[in-house]
Amino acid sequence: MPKVFVYGSLKRGQSNAFMMEGAQFVAPARSVQCWRLVALPHYPALVREEGPCRITGEVWEVPETMMAELDRFEEVPVLYTRQEIEVELDGQEGRTADRLLMAHAYFMPAVLAAAGRELREGRWPA
């Protein structure tokens, strides 16, 4: 089953968490690589450029049939693109290698995120 890394309004308790109904929560997680995260008026955007820190979010196991629904919701390929990144599960015991996995993440092109405010702590809401 595909895994998705969510970092904004799709997280538990956020405004669009209902979109994850039918998916299975795995664990809190952080991106292995440091990316840019910006706050737009109603949601954040992950930008595929080097940023100041790792991004905090959640990993979910998503049925294959839900991936197309999430892509439509995220307006792929107009507003976002979906790409796999390496993430580290938080709160897991054992070796670091056992906590690492690949998960899909939604990235916004830098030009579309230009009006956003940098979230230098890598977390939304800030």
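Values in this text are rule-based calculations from the coordinates and carry no lab data. Please read all numbers here as calculations on a predicted model, not as lab measurements. Note that we place each Cβ from the backbone using ideal geometry, even for glycine, and neighbour counts take in every protein chain shown.
What the table shows:
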item: Mean Cα-pair separation over length for segment 48-126, i.e. relative contact order, pairs under 8 Å, 6 or more apart, %; result: 41
item: Computed FRET value (nearest 0.05) for ARG82 with ALA115, which takes r as the C-beta separation and R₀ as 22 Å; result: 0.50
item: Neighbour-count order for LEU119, LEU89, fewest beta carbons within 10 angstrom listed first; result: LEU89, LEU119
item: Likely footprinting exposure, ARG36, ARG117, fewest C-beta neighbours within 10 Å first; result: ARG117, ARG36
item: Derived scalar couplings ³J(HN,Hα) [segment 43-54; Karplus, 6.51 cos²θ - 1.76 cosθ + 1.60; whole Hz; x for Gly, Pro]; result: 6, x, 9, 8, 10, 7, 9, 4, x, x, 7, 6
item: Calculated mean projected area of the Cα convex hull in nm² (choose from (i) 7.3; (ii) 8.5; (iii) 9.5), label; result: (i)
item: Mean residue ellipticity (222 nm) of the chain, computed from DSSP H runs ≥ 4 via -39,500 (n - 2.57), nearest 500; result: -3000 deg cm²/dmol
item: Top positive-direction residue, dipole computed over the chain with Cβ charges, set TYR106, ALA27, PRO41; result: PRO41
item: Relative contact order [Cα under 8 Å, 6+ residues apart], segment 1-70, whole percent; result: 44
item: J(HN,Hα) series, segment 76-89, from Karplus relation 6.51 cos²θ - 1.76 cosθ + 1.60, nearest Hz, glycine and proline x; result: 6, x, 6, 9, 10, 10, 10, 9, 7, 9, 8, 10, 10, 6
